[in-house]
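Scroll down for the structure; my scribbles are underneath it.
Any read-out appearing in this document is the output of simple, stated calculations on the displayed coordinates, not a laboratory observation. Everything numeric in this text was worked out from a predicted model, so none of it was measured. Glycine also receives a Cβ, built like all others from the backbone with ideal geometry; neighbour counts cover every protein chain displayed.
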Amino acid sequence: MGHRDNDELALSDAELAADEAATRAILARWGEPAPAPPPPALAARVTAALGGRPAARRPRRALLPGLALLLALPLLLLGLWGVLVDSAGPARMAGGAQSGAGQLLIGLTLAAKPLVNLLLGSGAFGLAAAVALAAGAGLWWRLVRAGAVATEAPL
């Protein structure tokens with residue numbers, strides 16, 4: 001606990017070697033084997049096995065967000081109509097307010113109205129903040145995905 005004044009995040013080579021020796025001494029009590037050297041020409045064999053072929057492209061993956069938006073667009077437009085124009089409109093399309101689906105749609109519409117009014121009531125600043133949050137989340141997700149692909153362990 002006396003290391004709070006140490007600003008170094010990484011240990012020096014001597015400290016790492018001492019920690020490695022201490023760990024090996026602890027593991028030697030249980031008969032932990034010594035590390036084996038890697039097989040000869042391992043990197044060359046892996047490179048030869050991979051070959052010069054480029055990675056397979058996945059065109060379907062690029063279409064997935066567009067397809068999801070295309071499928072969600074009618075639902076979003078129906079919800080927008082229910083929230084901004086007529087709350088009972090989507091329910092009438094589902095059999096009226098007496099049907100189970102109609103009651104569900106009215107409930108969802110009425111539950112969404114306060115959130116929509118909050119976003120619209122805050123004006124341009126609220127809309128800009130919502131767009132910035134969505135863009136930041138999208139950018140963050142792309143960076144995470146790119147980092148996950150870039151840091152996958154090689155064979």
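When the Karplus curve 6.51 cos²θ - 1.76 cosθ + 1.60 is applied with θ = phi - 60°, which whole-Hz ³J(HN,Hα) does each residue of region 66-77 get, with x for Gly and Pro?
x, 5, 5, 5, 5, 6, 7, 4, x, 5, 5, 5
Can you compute the modelled spin-label distance between residue 47 and residue 72, with each label point 7 Å from Cα toward Cβ, in nm?
My value for the distance between the label points is 4.4 nm.
Within 10 Å, count the other beta carbons around each residue, average over each peptide in 126-137, 75-86, and list them highest first.
Numbers: 126-137: 10.8, 75-86: 14.0.
In descending order of packing, they fall as 75-86, 126-137.
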